[in-house]
Amino acid sequence: ISLKKVVLKDNLKFINGYAFYKCISLENIVLPKDLKILREGAFKKCSGLKEIVLNEGLIEIGDLAFQKCTKLTRIYIPRSVEIIGYNVFKDCDNLKDIYFEVEKSKELYENLGVNCNIHYGVIRERRG
């Protein structure tokens, strides 16, 4: 089975660590509006992942959550995110732009694990 798109149901509060680990055919995932926490390595090595919509209300993105998601080119971080783990985007070689809806303290985004453009004050449309 090759899983290409996942739309998770509402009422889901967290995604366990390594829940989608090495799901290499996954290209797109829409997170539920009630999601609060993405645990460590949740999407690690999802090398086919091209797009993920992070929901407003998400509070924490765990360490290495998107490590080696090599097809990600951009990601939008909603204003609700208060904790971003270590090396969240490590080895995301094609990630060129990270968009934050609001500028937060430098400590929040200084250990993202990737060298790319950081943008602030950008609001994106929710797709799914």
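Derivation of every value follows stated rules applied to the coordinates shown; laboratory data play no part. These figures come from a predicted structure and were not determined experimentally. With ideal geometry, Cβ positions are generated from the backbone for all residues, glycine too; neighbour counts draw on all protein chains shown.
Can you flag which of LYS45/LYS104; LYS50/LYS90; LYS50/LYS106; LYS5/LYS104; LYS36/LYS96 are past 23 Å Cα-Cα? Could the numbers behind the result be given before it?
Values: LYS45/LYS104 28 Å; LYS50/LYS90 15 Å; LYS50/LYS106 27 Å; LYS5/LYS104 31 Å; LYS36/LYS96 25 Å.
Over 23 Å apart, Cα to Cα: LYS45/LYS104; LYS50/LYS106; LYS5/LYS104; LYS36/LYS96.
Taking the Cα centre as origin and putting +1 on Lys and Arg beta-carbons and -1 on Asp and Glu beta-carbons, what dipole magnitude results for segment 1-58, to the nearest 20 debye? Write out the running numbers ahead of the final one.
Working: 11 positive and 6 negative charges, 38 e Å.
Roughly 180 debye, rounded to the nearest 20.
If you take all other residues with their beta carbon under 11 Å from the beta carbon of GLU27, and give Lys and Arg +1 and Asp and Glu -1, the sum is +3. Fully extending the segment from ASP93 to ILE24, taken as 0.36 nm per residue of separation minus the present Cα-Cα distance, adds 23.3 nm.
The simple spin-label model puts a point 7 Å past each Cα toward its Cβ; for GLU60 and GLU103 those points are separated by 2.8 nm. Available extension along the chain between GLU51 and ARG79 is 8.2 nm, counting 0.36 nm per residue and deducting the alpha carbon span.
For LYS71, the aspartates and glutamates whose Cα falls under 16 Å of its own Cα, not counting residues fewer than eight places away in the same chain, are GLU27, GLU51, ASP91, ASP93, ASP97. The dipole here belongs to the chain: it is taken about the Cα centre, uses +1 on the Cβ of Lys and Arg and -1 on the Cβ of Asp and Glu, and is about 500 debye.
The slack between SER2 and ASN115, meaning 0.36 nm per residue of separation minus the straight C-alpha distance, is 37.6 nm.
Residues whose amide H falls under 5 Å from that of VAL6, counting only those 5 or more places apart or on a different chain, are ASN28, ILE29, VAL30, with hydrogens built in the peptide plane.
Looking at the calculated P(r) for the chain, what percent of the C-alpha pair distances fall above 20 Å?
Numbers: 2896 of 8128 pairs.
More than 20 Å apart: 36 percent of the Cα pairs in the chain.
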